[in-house]
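What follows is one structure encoded as structure tokens, with my remarks underneath.
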Amino acid sequence: MQKGSLYAHIAGKQELLYETMLVGARGFHAALDAIPEELSAVEKIRRALHAHLALVADQLAVATVFVQEWRSLDAERRDEILAERRRYEERIRLLFREGREGGELRTDLDEDAAALLFLSAANWAYTWLRPGQDTDAVAERFFALLIDGMRGYSTPA
């Protein structure tokens, strides 16, 4: 393909960036959609972490763009992509809320902080994942560190 040939199919760099962002958003949401609803909240969190890291590894360029380049979009498209990012964050937050409310996680769990911790760790994977790295093993180590601190009894305030 010639350099200029790309622009026969897209209107410009903004459209290419936007379409790449949509691929990322759809991929992350599809990964959560694939998690069976009947599972425990903790198992859903485990699978969400596995799916997130696998998606980053499988689509490293798309994940990198999705995490980093949203600031480069024009205002309308940026607002749409930010809404998708917030919706994904909310879906992760709801998993932690479900775990807290269902007694699987500590009753004083701050699900906002838990979701941010999950996403902060998983989103930065594009910077340190190596080609061919076993993302399942990484996800299990992350999961153990994340969940072990969120299980147990509530600490009185």
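The values are calculated or read from the model by the stated rules, or taken from the named source; none is laboratory data. The shown structure was predicted, so the numbers you read here are calculated from the model rather than taken from an experiment. Virtual Cβ from ideal backbone geometry, glycine too; neighbours counted across all protein chains shown. Note: accessible area is taken over every heavy atom of the protein model, side chains too, but ligands, DNA and RNA are not part of it. Shrake-Rupley method; radii C 1.70, N 1.55, O 1.52, S 1.80 Å.
The residue of segment 33-47 that is nearest to the chain's Cα centre (by Cα), among those that are surrounded by fewer than 18 Cβ atoms within 10 Å (Cβ to Cβ) and in a helix (DSSP H, G or I), is Asp33.
Taking the condition over 29 Å from Glu19 (Cα atoms) and crowded, with 19+ Cβ neighbours inside 10 Å, does Gly103 pass? The answer is no for Gly103.
The set of residues from segment 106-149 being over 16 Å from the mean Cα position of the chain (by Cα), open to solvent by 20 Å² or more (accessible area, probe 1.4 Å) and touching a residue at least 60 places away in the same chain (Cβ under 8 Å) comprises just one member, Gln133. In segment 64-100, what residues are in contact with a helix residue (DSSP H, G or I) (Cβ under 7 Å, 6 or more places away or on another chain), open to solvent by 50 Å² or more (accessible area, probe 1.4 Å) and of a type in the set (Gly, Ala, Ser)? Passing the criteria: only Ser72.
Would you point out which residue out of Gln133, Gln68 is within 26 Å of Met21 (Cβ to Cβ) and touching a Phe, Trp or Tyr at 6+ places or on another chain (Cβ under 9 Å)?
Checking each option against the conditions leaves just Gln68.
The single residue among Ala115, Ala121, Ala63 that is touching a Leu at 6+ places or on another chain (Cβ under 7 Å) and assigned to a helix (DSSP H, G or I) turns out to be Ala63.
Go through the residues of segment 13-20 one by one and say whether even a single one is of a type in the set (Ser, Thr, Tyr), modelled with pLDDT of 95 or more, crowded, with 16+ Cβ neighbours inside 10 Å and in contact with a helix residue (DSSP H, G or I) (Cβ under 9 Å, 6 or more places away or on another chain). The answer is no, given that none of the residues of segment 13-20 is of a type in the set (Ser, Thr, Tyr), modelled with pLDDT of 95 or more, crowded, with 16+ Cβ neighbours inside 10 Å and in contact with a helix residue (DSSP H, G or I) (Cβ under 9 Å, 6 or more places away or on another chain).
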